[in-house]
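Asks: Let me give you the structure first, and then I'll get to my questions.
The values are calculated or read from the model by the stated rules, or taken from the named source; none is laboratory data. Predicted model only: the values in this text are computed from it and were never measured. Here the Cβ positions follow ideal geometry from the backbone for every residue, glycine too, while neighbour counts run over all protein chains shown. Side chains included, ligands, DNA and RNA excluded: accessible areas come from the protein's heavy atoms. Shrake-Rupley method; radii C 1.70, N 1.55, O 1.52, S 1.80 Å.
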Amino acid sequence: MNLNKNSIVLGTLLLKGPLTRQNLWSYVSKFNFYSGLTNLKLHMERMVKDKRIARKVSPLTKIKGQEIFEYSIIQENERNNIPQDTLDKIKTEIEEFDKLLAQTTEKK
């Protein structure tokens, strides 16, 4: 699997664990594979239908009063295997984003 839309979503979910779509967008938007959040949403719906990722209602739903979903990778799907070099590229981007986020949080 090369660095593409599928590997970006799958790798991020593998490395970060279950995420809401908005949180996932924060990470995958850095790769410039999606034109916007709606494009990501459509792609994720297709991945759910293909049983590559799972969707469940988030505990945040009770707090915010609206239905929020968390997405996670389905490890058992053999199509979800990501080569280590691709996973390393994704991990590097995630770590850079986490550093920027931590710096922003510290300034507040």
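Asks: Would you mind telling me the share, in percent, of accessible area of the stretch 26-108 contributed by carbon and sulfur at probe 1.4 angstrom?
Replies: Carbon plus sulfur share of accessible area: 49 percent.
Asks: Label-point separation (nm) for Lys49 and Gln22, each offset 7 Å from Cα along Cα-to-Cβ?
Replies: 2.6 nm
Asks: For the stretch 26-108, with every protein chain kept in place, what is the accessible area per residue (1.4 Å probe, Å²)?
Replies: It amounts to 72 Å² per residue over the stretch 26-108.
Asks: Can you list the residues, at least 5 places off or on another chain, whose amide H is less than 5 Å from the amide H of Phe69, using H built in the peptide plane?
Replies: Arg21, Ser58
Asks: Here's another thing I want to ask about it. Please list the helices of the chain that count as membrane-span-like by this rule: a mean Kyte-Doolittle hydropathy of at least 1.6 together with Cα atoms stretching 30 Å or more along the helix axis, each helix being a complete DSSP H run.
Replies: Qualifying helices: none.
Asks: Can you tell me which of 21-30, 96-105 comes out highest on packing, and rank the rest after it, using the mean Cβ neighbours within 10 Å?
Replies: With the highest mean Cβ count within 10 Å placed first, the list reads 21-30, 96-105.
Asks: Within the stretch 55-94, which GluC sites (Glu not before Pro) sit in a loop by DSSP and count at most 12 neighbouring Cβ atoms inside 10 Å?
Replies: Glu67, Glu76
Asks: Which of the residue pairs Lys56/Lys89; Lys16/Lys99; Lys16/Lys41; Lys16/Lys89; Lys41/Lys99; Lys5/Lys62 have a Cα-Cα distance greater than 24 Å in the structure shown?
Replies: Listed pairs above 24 Å: Lys56/Lys89; Lys41/Lys99; Lys5/Lys62.
Asks: Which residue, chosen from Leu101, Pro59, Pro83, occupies the Cα position most advanced towards the positive end of the dipole of the stretch 55-108, where the dipole is computed from +1 (Lys, Arg) and -1 (Asp, Glu) charges on Cβ about the Cα centre?
Replies: Going by the Cα projections, it comes out as Pro59.
Asks: Taking square-rooted eigenvalues a ≥ b ≥ c of the alpha carbon gyration tensor, is the chain rounded, prolate or oblate, where a/c under 1.5 means rounded and, failing that, a/b exceeding b/c means prolate?
Replies: Verdict is oblate for the chain.
Asks: In terms of modelled amide H atoms, which long-range or inter-chain residues lie less than 5 Å from the amide H of Ile53?
Replies: Correct list: Val48, Ile74.
Asks: What's the local net charge at Glu78, with K and R +1, D and E -1, over the other residues with C-beta under 14 Å away?
Replies: After counting each charged neighbour, the total is +1.
Asks: Where the only charges are on Cβ atoms (+1 Lys, Arg; -1 Asp, Glu), what is the dipole of the stretch 16-108 about its Cα centre, to the nearest 20 debye?
Replies: The calculated dipole for the stretch 16-108 is roughly 420 debye.
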